[in-house]
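What follows is calculated from the coordinates using simple rules that are stated; it is not laboratory data. The model shown is predicted, which means the values in this text are computed figures rather than measured ones. As a convention, Cβ positions derive from the backbone with ideal geometry for all residues, glycine included, and neighbour counts pool all protein chains shown.
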Amino acid sequence: MIVVKIGGSVLCKDPSHVILDLANHWGECVVVHGGGCFVNTVMERMGLTPRYLTHPGGLRSRLVDEETLKAYVMGVMYLNKLIVAKLSAVGVPALGMSGADNAVVMAKRKERVMVVDERGRQRVVDGGYSGRITSVKGELLVPPPLKVLAPIAVSQDGKLLNVDGDTLALKVAEAVGARRLVLLSDVDGLFLDGKLVERLDAAGVREALEHRDVVGGMKRKLSVVLEAVEMGMEVVISNGVVEAPIGRALKGMGTLVRPG
Amino acid sequence: MIVVKIGGSVLCKDPSHVILDLANHWGECVVVHGGGCFVNTVMERMGLTPRYLTHPGGLRSRLVDEETLKAYVMGVMYLNKLIVAKLSAVGVPALGMSGADNAVVMAKRKERVMVVDERGRQRVVDGGYSGRITSVKGELLVPPPLKVLAPIAVSQDGKLLNVDGDTLALKVAEAVGARRLVLLSDVDGLFLDGKLVERLDAAGVREALEHRDVVGGMKRKLSVVLEAVEMGMEVVISNGVVEAPIGRALKGMGTLVRPG
Amino acid sequence: MPSLACSVCGADVDVPSDVMDGEIVSCPSCGTKYIVRISDGQMLLEEFKGDVEDYGE
Amino acid sequence: MPSLACSVCGADVDVPSDVMDGEIVSCPSCGTKYIVRISDGQMLLEEFKGDVEDYGE
Ligand SMILES: [Zn+2]
Ligand SMILES: [Zn+2]
């Protein structure tokens, strides 16, 4: 099995290539998608300002209050249905799901998260409607049909929660026993000192995590990659807005990360 | 099998009763929901003004341009996930779907619709992103898990389309061979001359359709009811914001319409 | 008031001077229904075949 | 600068005068970490047990 994470940047720029290519690969895939950029557009249209939390170590995460959660669920589910509709037109039987469907992805609300506030001080704040994934029902995600999973989980008490798409892809890969994880965004892979890194092992990822070029989204992505290769998966960080992006990634084009 | 249509008014006012009651009935149900009122809220938040088309005979339908379709899909899919999440908390295994998922509801875009314009003249206009349902894959809608279907269909060429919730419920009932169709909204049933009509047959529905009290949404609903009873189904128009609304409806409380 | 020829019987079909695209007119002689189509200032009659959603009324 | 007693060793734990709810402070004597909790003008020290999401850094 292969887990293909389609980043929000791919969906906002041009999802046509990855959708066409899924027609060649869907029989052994599970798709997880993002939607950050579209959610921001929706929030803007609704007069909401995206806010972020900065955590010790520099990672940032979206501050998800009640109104933001609404915009988030609406935005990612719109993208989910757009993907599924386009897949149906190229003959791929696809079932779009949130984690709430069949409770396939359960999470616990992050009640306490550590942030670095405006004054540079560490503080424990309420994590809003963000969740830490506690379980994924892998057996419900195996094709056919191709499952297309939005980054939404459900809590024990029936609340929808925002979860990070890359982390969800990792947990899904673990749950279905996938050997490969393909992370598609609108860049060719990991760039260090202006150069594409074509091959990495776990040690290399640990080093890269300390590199000054690795910040924000890429830092989070590499943490996920590290966890994946430590579980023995092969990970490719690759471009999703080019022709046949899944085929390219499976040939190792982009940044190929292997456990050894 | 029983098809339960949960109107948008129930979801906007208080979905808790019908969700709790589904725990008692889900094994023989398919749920179809609406969402008009919430879609209007979303549109307002996004600075869009809901517009309607008036058709010969007085029926009105939403004018669905591209931006309206986005707000529509976002709004109804948010409700869909809210329902499914709440169902999971009361132990009901529920799978939320749009018609695009597994292409379970296909439709043809209404390219030409007849309207009565501001000047009272009949005119043929483009129907926007509204669809006429052409097929429903009933075999994919039988529980378990309980399927919760949003009023969205997909066209042959992979476009999402708005469809009327009551009409969808009828087509789903036909496709799964349901003997009963329960239409839940925030009123007790059909009122004529200020009195609740408790029993009706097909002839009575035809008469009611000519009554001056039957306008707008109720007119459309009764057209659907007439089609259903002509196919031999039993239909109940009943209140969804009271305790155990499905149980009440199945006991015939509200307006019970029988073929005979 | 402008008029166009009915393609069935040849009679003049009157069209209101404030006609809009899509409007329905009938031939006064044979009763054929038409949709008035206006594009680039050109006015044409398209036979109304009934393949139009009228919401079952 | 206000201070509160460490519940482990009894030493004074200093709290910045502009402290905000949730801030992390440490006992200068035994090193125990606390979350400063402020509600209704009352200030309390809650032992920091580490059950807080720190995004793995
Ligand atoms: Zn004629
Ligand atoms: Zn101490």
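Numbers at a glance
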{"read-out": "Residue order, fewest to most beta carbons within 10 Å, for A:68, A:134, D:32", "value": "A:134, D:32, A:68"}
{"read-out": "For chain C: relative contact order, % (alpha-carbon pairs under 8 angstrom, 6 or more apart)", "value": "23"}
{"read-out": "Dipole of the stretch B:75-215 [Lys/Arg +1, Asp/Glu -1 at C-beta], most positive-end residue of B:194, B:104, B:149", "value": "B:104"}
{"read-out": "Evaluated over the stretch A:136-183, the Cα radius of gyration and Dmax, each in Å", "value": "11.3, 33"}
{"read-out": "Inter-copy separations for residue D:50, label at 7 Å along Cα-Cβ, nm, ascending", "value": "7.9"}
{"read-out": "Chain B, dipole about Cα centre (Lys/Arg Cβ +1, Asp/Glu Cβ -1), debye to the nearest 20", "value": "320"}
{"read-out": "Proxy reagent accessibility, fewest Cβ within 10 Å first, across B:149, B:59, A:53", "value": "B:59, A:53, B:149"}
{"read-out": "Kirkwood-based Rg to Rh ratio, the protein assembly as shown, C-alpha trace", "value": "1.06"}
{"read-out": "Computed label-point distance, nm, for sites residue A:196 and residue B:199 using a 7 Å Cα→Cβ extension", "value": "7.6"}
{"read-out": "Residue A:210/residue B:156 FRET efficiency (R0 51 Å; Cβ-Cβ; nearest 0.05)", "value": "0.45"}
{"read-out": "DSSP bridge orientation in the protein assembly as shown - percent antiparallel, rounded to nearest 5", "value": "55"}
{"read-out": "Relative contact order [Cα under 8 Å, 6+ residues apart], chain A, whole percent", "value": "24"}
{"read-out": "Of the DSSP H helices in chain A, those whose Cα atoms cover at least 18 Å axially and whose Kyte score averages -0.5 or more", "value": "A:66-89, A:216-230"}
{"read-out": "Theoretical ellipticity at 222 nm over chain B - DSSP helices of four or more residues, -39500 (n - 2.57) apiece, nearest 500", "value": "-10500 deg cm²/dmol"}
{"read-out": "Chain B - share of DSSP beta bridges that are antiparallel (%, nearest 5)", "value": "45"}
{"read-out": "Total charge dipole magnitude, the protein assembly as shown, about the Cα centre, Cβ charges on Lys, Arg, Asp, Glu only, Debye to nearest 20", "value": "920"}
{"read-out": "Counting all C-alpha pairs of chain A, share separated by more than 27 Å (%)", "value": "34"}
{"read-out": "Efficiency of FRET between residue C:43 and residue B:54 - r from beta-carbon atoms, R0 22 angstrom, step 0.05", "value": "0.30"}
{"read-out": "Cross-link table A:137/D:33; A:5/A:159; A:147/A:221; B:86/B:137; A:81/B:195, entries beyond 31 Å C-alpha to C-alpha", "value": "A:137/D:33; A:81/B:195"}
{"read-out": "Exam field: residue A:198 pseudo-label spacings to other copies (7 Å along Cα-Cβ), nanometres", "value": "8.2"}
{"read-out": "Equivalent ellipsoid dimensions for chain D as semi-axes, Å, which come from the Cα gyration tensor, largest first", "value": "18, 15, 10"}
{"read-out": "Label distances, nm, residue B:231 versus same residue in remaining copies, Cβ-directed 7 Å point", "value": "4.4"}
{"read-out": "Sorted largest first, extent of the stretch A:115-239 alpha carbons per principal axis (Å)", "value": "45, 45, 25"}
{"read-out": "Share antiparallel - DSSP beta bridges, the stretch A:185-260, percent rounded to 5", "value": "55"}
{"read-out": "Euclidean distance of C-alpha centroids, the stretch B:153-222 and the stretch B:1-31, integer Å", "value": "16"}
{"read-out": "Proximal charge balance of residue A:258 [Cβ under 10 Å; K/R count +1, D/E count -1]", "value": "-1"}
{"read-out": "Residue exposure sequence - D:49, B:137, B:81 - by fewest surrounding Cβ within 10 Å", "value": "D:49, B:137, B:81"}
